[in-house]
Amino acid sequence: MEKWFNKLKNKLVDGWYDFVDLASANQKRSLIYAGSILVFVTLATIVMILLQPGIRKQEIESLVYPDIQSSKVKLFEDKDPDKVIKESKAISVMYSKPDGLTYDKVLKVLNDSKAIQDLNRTVYFYPIVYKSHQLEETYSIDSNQVTFVFYENGVEKNRFAVENLKDFSNEFIPKLNRLPMWNITDNQPTTDSSATNSSTSNSITDSSK
């Protein structure tokens, strides 16, 4: 057994030395091969990086665009969505994956010309296809929900998730119409309070007479 082990060991050592001699004799050729492989991998990586935006755009166009048939829904298309949101004085945005039961339900309403007759605004669609985690962190959204957000000068002012609506058929369009009315909603309690104070004051005045 020991003889067999020594014999195997000698063969492995001889094979290693033969490999070293071969590599040394063809060092120039080996370097050329290694350099060629490195250049090929580098070029392939650069090409993929350059083509990636175009590939993503084509996939979004094939996945999203055919489903949008509503005059009330706008697409960012060649524009940078983040830049448009940041620079717009006022914009309403729908964030959603282009699939799912809620998405289909929302799109069915928005694509219905009769159903949107009472809708008083247009909405930009920001499809969640890539970098969902990044979008969730940037815009504080849940990628598994359909969320509508209103921005004023790039700052979020109001939002609602369709999944939180108790009566979708009756609440969706009115809720979407009220999306930019964040200031009115916020001032409503103050108005009610003022009215209550005014009423109380009048009662006191009347009772004092």
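Scanning the stretch 154-209 for residues that are at pLDDT 50 or above, out of contact with any helix residue (DSSP H, G or I) (no Cβ under 8 Å at 6 or more places or on another chain), aliphatic (A, V, I, L, M) and part of a helix (DSSP H, G or I) gives L176, I184.
Of the numbered criteria (1) of a type in the set (S, T, Y); (2) open to solvent by 50 Å² or more (accessible area, probe 1.4 Å); (3) within 17 Å of E156 (Cα to Cα), the one Y124 fails is (2).
Can you say whether F172 is buried (at least 19 other Cβ atoms within 10 Å of the Cβ), within 20 Å of K89 (Cα to Cα) and not basic (K, R), as far as the supplied structure shows? No: the conditions fail for F172.
The values are calculated or read from the model by the stated rules, or taken from the named source; none is laboratory data. No experiment lies behind these values; they were computed from the predicted model shown. No Cβ is skipped: glycine too gets one built from the backbone with ideal geometry, and neighbour counts run over all protein chains shown. Ligands, DNA and RNA are excluded from the accessible area calculation, which covers all protein heavy atoms including side chains. Shrake-Rupley method; radii C 1.70, N 1.55, O 1.52, S 1.80 Å.
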